[in-house]
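These notes concern the structure reproduced below.
The values are calculated or read from the model by the stated rules, or taken from the named source; none is laboratory data. All values derive from a computational prediction rather than experimental measurement. With ideal geometry, Cβ positions are generated from the backbone for all residues, glycine too; neighbour counts draw on all protein chains shown.
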Amino acid sequence: MTLRVRRVVTGHDANGKAVVVTDETLTAVPRRIGSDITGCEIWSTDRMPVDNSREADAAQRAGFVVRHNYVGSGQGTTCRVTEFAPGHGRFTHRTETVDYAILLSGEIDLELDGDEVVHLKPGDVVVQRGTVHTWINKGTVPAVFAFILVDATPAEVNGEPLRTVY
């Protein structure tokens, strides 16, 4: 079954009253990292503080703001829901972000490049701090995550920045 996510976006009317601007259902699409990984881009921003104006709405709603780093300008955020099919292929990577990964359903393994593996169950939260990692679904059902990514200064080891790796 294809992943579908309801996105409710709030804003303000002409009098400054809080209103629902849109209430829609998004259908997951294949991620650029493999057909067995699908997802919905919920929202993204490209500066801090975030621009909550009507003028910024369209680019943020599209999910992929102009990126200079994995997330954006170095001051951006991304919220997405991602589904990893059972047996999906590896996608080992590191991003210049801090990621809050909340496992909503299914089970999955987080594998780090130091060969450490952590098995995750629904409700588990990973704070991913710019390390090389991959997600491995050895189960029989999809694993669904909510990810919130925030641009970060890369970690450094011996004075060398640990840059994005795909």
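Does G11 satisfy being within 29 Å of T134 (Cα to Cα), modelled with pLDDT of 90 or more, among the small types (G, A, S) and assigned to a strand (DSSP E or B)? Answer is no for this residue. With the structure loaded, tell me whether T97 is surrounded by fewer than 14 Cβ atoms within 10 Å (Cβ to Cβ) and not aromatic (F, W, Y) or whether it fails that test. For T97, the condition - surrounded by fewer than 14 Cβ atoms within 10 Å (Cβ to Cβ) and not aromatic (F, W, Y) - is not met. When the residues of segment 62-92 are narrowed to those that are hydrophobic (A, V, I, L, M, F, W, C) and modelled with pLDDT under 85, which ends up nearest to I136 (Cα to Cα)? The residue in question is V71. Answer yes or no: is there a residue in segment 152-161 that is at pLDDT below 95 and under 16 Å from the mean Cα position of the chain (by Cα). Taking every residue of segment 152-161 in turn, at least one turns out to be at pLDDT below 95 and under 16 Å from the mean Cα position of the chain (by Cα). Just one of (1) modelled with pLDDT under 90; (2) of a type in the set (A, V, I, L, M); (3) surrounded by fewer than 20 Cβ atoms within 10 Å (Cβ to Cβ); (4) in a loop (DSSP other than H, G, I, E, B) fails for A59. It is (4).
Just checking: which of the strands (runs of 3 or more DSSP E) contained wholly in segment 70-166 hold 3 or more residues that are touching a residue at least 40 places away in the same chain (Cβ under 8 Å)?
77-84, 97-105, 133-136, 143-151
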